[in-house]
Amino acid sequence: MFLQDQLQIAGLEEIWKKIAPSLKQSIKLKPKISNVKKSFSKMGGTPNSISGFEWPMNKEGEHLSFIAQIHVEDIKHLDELGVLPNQGILYFFYDAFYQPSGYENEHQSGWRVIYHLIVPSKTTKISYPKDLVVRNNEAESVFEKLIFHEFQIDAYSEYTMPPYESEFVRSLHLDFDDLWKYEQFYFEQINQKPRYRMLGFPDRKIVNTDMAAICSITANGMDYYALGDSGYDLPKPIGDKEEWILLLQIDSDLEVGMAWGGEEMGRIYFWIRKQDLLQKNFDQCWVILEV
C-alpha cells in the first residue's frame, strides 16, 4: 500500500500498525486536463440534465453556483462500502457568492444536492440562469467568480488517514515525538493541492473541531457558535455524530476557478447521514466551509 510505504519512510512504522485498522477508503477525484477519454462526471461548466430541471436557489431567490455532477456508474466500482446509489447522477450546488460556513442552521439554503435516476444525454446542457451570469460578470477577481471552468473527472481508490487531532489519534496516546511526526506527515499529505474526494476522512488544513459533530448540531436546528463561549470549544455532540459520511470534498482550485473563502483558498465539504445516503435523501446534506 502506497500510504504504508510513505509512513515507513517517515519513520512512522509503529504508528502505521496502530492506525491501519482505522483507515477509510475514499474515491479520489481529479480534474482531467485531457478529454480524450470521455467521462460524464465533471466539475464546473453547466449541468447536463433532463427537461424540467430546476436550477436551485438560496433563500434570497438567487441561483446557486453549479459545482459538480457525478455519474454514479463512473465511480460505483470504487465504492467499497456500497453506500452510493448503483446508477443515476448527482448534482452539487453551492452559494459561491455568500459562501455559507454551515455553522448556522439558517445556512441550509446555501447548497443543494440533487439526484436523478435517469441519466440525460451528454449533449443536453442547461443554460446558466441570467442572474448568475450577471453577478459573475460583476466579479472583480477570480476569487469572486460564480461560474467555473469545466473539467471532466477521473476517479481512483485511495485510503485516507484520521486527522492528527481526531479522537482516534488522541486515543493512541502517542509520545510527543511520534505525534509531531504524524502531524508533519499528515499536513504534508493533505496540503498537496487540489484535493477532491468522495467518502473517507476529509482533508483538513486546521483540525480544531469535529466536522461531523458540527453537522449534527446545526442540521438539528441549532447554531454551533451559540453553544459555547468559543466556536472552537466543541459542545457535546447530538447522538448521530457517527452517522455522518463525507459525500464530496471540493478544494479551491484556480484552474477550475473555485476559491472558497476568497484568498484563504479553503475547502467545502458536503456531508450526509448514512441512512439518508442509503435512502437517497440528498436534500438532507449539510455543507461545511473550512479555510
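The values are calculated or read from the model by the stated rules, or taken from the named source; none is laboratory data. Please read all numbers here as calculations on a predicted model, not as lab measurements. Using ideal geometry, Cβ is built from the backbone for each residue, glycine included, and neighbour counts are taken over all protein chains shown. Heads up: the accessible areas ignore ligands, DNA and RNA and are worked out on the full protein's heavy atoms, side chains in. Shrake-Rupley method; radii C 1.70, N 1.55, O 1.52, S 1.80 Å.
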key: Sparse-neighbour loop sites [trypsin sites (Lys or Arg not before Pro); the stretch 116-175; at most 16 other C-beta within 10 Å; DSSP]   = LYS122
key: Per-residue HN-Hα couplings for the stretch 281-287 [Karplus 6.51, -1.76, 1.60; θ = phi - 60°; Hz; x = Gly/Pro]   = 8, 6, 6, 9, 5, 10, 10
query = Amide H to amide H under 5 Å from GLY45: which residues, 5+ apart in sequence or cross-chain, H placed 1.01 Å off N in plane?
reply = PHE148, HIS149, GLU150
key: DSSP beta bridges in the chain [antiparallel fraction, %, rounded to 5]   = 100 percent
key: Under-5 Å amide H pairs with MET258, H placed in peptide plane, nonlocal only   = ASP253
message = Considering only protein heavy atoms and a probe of 1.4 Å, how much of the accessible area of the chain is carbon and sulfur, as a whole percent?
response = 50 percent
key: Relative contact order (%) - criterion: Cα under 8 Å, at least six apart; region: the chain   = 23 percent
remark   = In nm², the average projected area of the convex hull spanned by the Cα atoms of the chain is 16.0 nm²
remark   = For the stretch 52-179, the per residue accessible area (1.4 Å probe, Å²) is 52 Å²
ask   = Given LYS17/LYS181; LYS130/LYS280; LYS76/LYS274, which pairs have Cα atoms separated by over 22 Å?
value = LYS130/LYS280
key: For the chain, built as a Gaussian network whose Cα springs stay under 10 Å, the top-fluctuating residue of GLU13, GLU165, GLU255   = GLU13
